[in-house]
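The values are calculated or read from the model by the stated rules, or taken from the named source; none is laboratory data. What you see is a predicted model; the values in this text were computed from it and never measured. Using ideal geometry, Cβ is built from the backbone for each residue, glycine included, and neighbour counts are taken over all protein chains shown.
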Amino acid sequence: MKSLKSWWQTFTYNYSWSDYVGYIDGWIPKLALSVPILGYLILFNDSVSEIISFKHLAKEEINSFGLEGASRLRLLYFGLIFLGVSNFIYRIKKPYIFKFGTNLIDYTKNCLYIFTLGDYIDIHGTIRHEGHLTLSGKYYDSEWEGFLEAAKNTGEGTEKVIRDGDWESAKSKYGSLLRDMLRENFFRNDIKGRFWLTVCLILSSIGYLFLAIPSVDLFLKVVVSTFHGAI
């Protein structure tokens with residue numbers, strides 16, 4: 001019981017968008033977005049229904065169980081609809097940080113290259129306001145102040161600015177600090193909007209199930225027809 005409780009606590013704590021990007025935003029869900037446009041023509045096209053019946057391959061004339069071609073096509077259609085809706089919601093509700101990367105490695109790499117000092121100041125303010133903790137533990141104000149001193153120009157924001165800050169050198173010297181901050185920022189944003197993440201997962205699961213049923217049905221019919229012919 002304790003192990004189950006521990007597993008659940010770990011799961012809920014780490015329940016985040018980045019773990020399910022491939023499931024919600026893979027090539028099939030992306031393709032499924034076009035289904036509402038073309039679905040009507042496909043669903044009610046008799047020739048398509050005839051093709052998908054697989055009369056010769058599965059010998060459906062002797063296998064009376066399972067799905068007919070039209071039913072199989074409807075399941076495929078509605079499966080793609082569910083996947084398309086899930087993918088659409090994902091594109092609207094996904095965390096803003098996914099603009100820079102949908103996983104921690106890509107996000108950190110891109111942000112280290114793109115982010116300015118102002119971006120890190122904003123992240124630091126958020127982390128300090130929400131507990132001053134990173135996934136690797138607490139970092140000290142002295143370390144942050146050292147980074148600022150190395151990165152900022154004297155008199156920055158005034159007419160008497162002196163270009164004595166070395167941004168690239170500061171990033172290299174305090175790389176560990178910046179990576180900790182980026183990891184924490186990614187994690188904090190990755191776990192936001194879990195309600196919509198759950199909605200996407202439910203819709204996607206229904207969609208994949210609807211796609212799987214015709215495939216399993218066809219597989220069973222092919223197996224039965226193969227052994228039926230061998231006997």
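Results for (1) surrounded by fewer than 17 Cβ atoms within 10 Å (Cβ to Cβ); (2) modelled with pLDDT of 55 or more; (3) of a type outside the set (Gly, Ala, Ser), shown as yes or no for each residue.
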site: 62; (1), (2), (3): yes, no, yes
site: 65; (1), (2), (3): yes, yes, yes
site: 70; (1), (2), (3): yes, yes, no
site: 92; (1), (2), (3): yes, yes, yes
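Considering only segment 110-119, I want to know if a residue exists there that is at pLDDT below 95, within 30 Å of residue 167 (Cβ to Cβ), in contact with a Phe, Trp or Tyr (Cβ under 8 Å, 6 or more places away or on another chain) and not polar (S, T, N, Q). Yes: segment 110-119 contains one or more residues that are at pLDDT below 95, within 30 Å of residue 167 (Cβ to Cβ), in contact with a Phe, Trp or Tyr (Cβ under 8 Å, 6 or more places away or on another chain) and not polar (S, T, N, Q).
Screening residue 160 with (1) touching a Pro at 6+ places or on another chain (Cβ under 8 Å); (2) modelled with pLDDT under 90 gives one miss only, at (1). Within segment 97-119, can one find any residue that is crowded, with 17+ Cβ neighbours inside 10 Å and touching a Pro at 6+ places or on another chain (Cβ under 6 Å)? The answer is no; no qualifying residue exists.
Condition check for residue 88 on (1) buried (at least 19 other Cβ atoms within 10 Å of the Cβ); (2) at pLDDT 60 or above: one failure, at (1). When segment 98-111 is filtered for residues that are in contact (Cβ under 8 Å) with a residue 12 or more places away in the chain and among the aliphatic types (A, V, I, L, M), only 104 remains.
Listed by first and then second residue, the pairs with beta-carbon distance under 6 Å, at least 6 apart or on different chains, first residue in segment 112-126 and within 17 Å of residue 99 (Cβ to Cβ), second of a type outside the set (A, V, I, L, M, F, W, C), are 123/185.
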